[in-house]
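The values are calculated or read from the model by the stated rules, or taken from the named source; none is laboratory data. Please read all numbers here as calculations on a predicted model, not as lab measurements. All Cβ positions, glycine included, derive from the backbone under ideal geometry; neighbour counts span all protein chains shown.
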Amino acid sequence: MITVIVGQKRRPKGSEEIKWEVISLEEVVALATTQALFGGARIFVLVGALAGARREEFIDMAKELAGSPHTFIFEEEKLLKKETDALAKAGATIEKIEKPKKEEFTFDRFGLAAALGARDKKKLWLGLTAALRAGEKPEALAGLLAWKARAMKDAALSRQIVWMYHDSHRGLGDLELLLERFALTL
């Protein structure tokens with residue numbers, strides 16, 4: 001029996017991984033045709049074999065593996081149509097498991113700048129933490145805030161943000177923490 005799992009890995013308990021790079025085809029055929037010592041079927045897992053250099057060899061022997069009392073599971077990231085058709089023709093079960101999509105969390109750059117312009121501590125701090133959670137770099141946030149301070153024509157505020165940036169690069173503090181402290185003391 002052949003099962004091809006495309007996408008996310010889902011390995012059953014008690015399965016044995018076969019290093020397809022080092023095993024010969026004769027050894028694979030021997031595994032497929034030999035009964036287990038204490039009876040029952042064994043489960044063999046081959047990771048990336050259908051995307052590797054020896055993919056044609058495994059596709060050619062798919063009928064022998066499909067007729068085996070043992071289960072051969074091929075775990076693949078993706079599978080081309082040619083290989084899919086050949087394996088389906090040989091009697092393989094093909095399972096496509098879609099990876100769950102991550103929700104992309106974004107933050108409002110203009111809201112962050114507006115909070116600085118309004119000198120609203122709470123909104124500025126909430127905007128900074130949301131931006132950092134979204135994966136934004138602290139250097140980019142410092143640049144955005146410095147831009148807004150220059151647009152406000154507030155030299156003291158601009159100078160404070162620029163010093164904060166340079167102090168963090170001199171090792172005098174973590175820029176994330178300095179930005180949060182700046183927002184809360186605004």
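A quick yes/no check of all residues on (1) of a type in the set (Asp, Glu); (2) touching a helix residue (DSSP H, G or I) at 6+ places or on another chain (Cβ under 8 Å); (3) closer than 14 Å to THR93 by Cα:
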{"residue": "THR3", "(1), (2), (3)": "no, no, yes"}
{"residue": "GLN8", "(1), (2), (3)": "no, no, no"}
{"residue": "ALA30", "(1), (2), (3)": "no, no, no"}
{"residue": "ARG54", "(1), (2), (3)": "no, no, no"}
{"residue": "ALA66", "(1), (2), (3)": "no, yes, yes"}
{"residue": "THR71", "(1), (2), (3)": "no, no, yes"}
{"residue": "PHE74", "(1), (2), (3)": "no, yes, yes"}
Positions within the stretch 158-177 being without any contact (Cβ under 8 Å) to a residue 24 or more places away in the chain and in a helix (DSSP H, G or I), in sequence order: SER158, ARG159, GLN160, ILE161, VAL162, TRP163, MET164, HIS166, ASP167, HIS169, LEU177
Of all residues in the stretch 112-149 being of a type in the set (A, V, I, L, M, F, W, C) and assigned to a loop (DSSP other than H, G, I, E, B), the one that is farthest from SER168 (Cα to Cα): ALA118
Flag for GLU27 being farther than 19 Å from LYS99 by Cβ, loosely packed, with under 13 Cβ neighbours inside 10 Å and at pLDDT 85 or above: yes
Enumeration of residues in the stretch 171-186 that are over 17 Å from GLU136 (Cα atoms) and within 33 Å of the chain's Cα centre (by Cα): GLY171, GLY173, ARG181
Close pairs (7 angstrom Cβ cut-off, 6 or more residues apart or separate chains): touching a residue at least 12 places away in the same chain (Cβ under 8 Å) in the stretch 52-65, acidic (Asp, Glu) and crowded, with 16+ Cβ neighbours inside 10 Å anywhere: ARG55/GLU83; ILE59/GLU83
Restricting the stretch 114-134 to residues that are loosely packed, with under 12 Cβ neighbours inside 10 Å and without any contact (Cβ under 8 Å) to a residue 12 or more places away in the chain, the residue that is farthest from LEU179 (Cα to Cα): ALA118
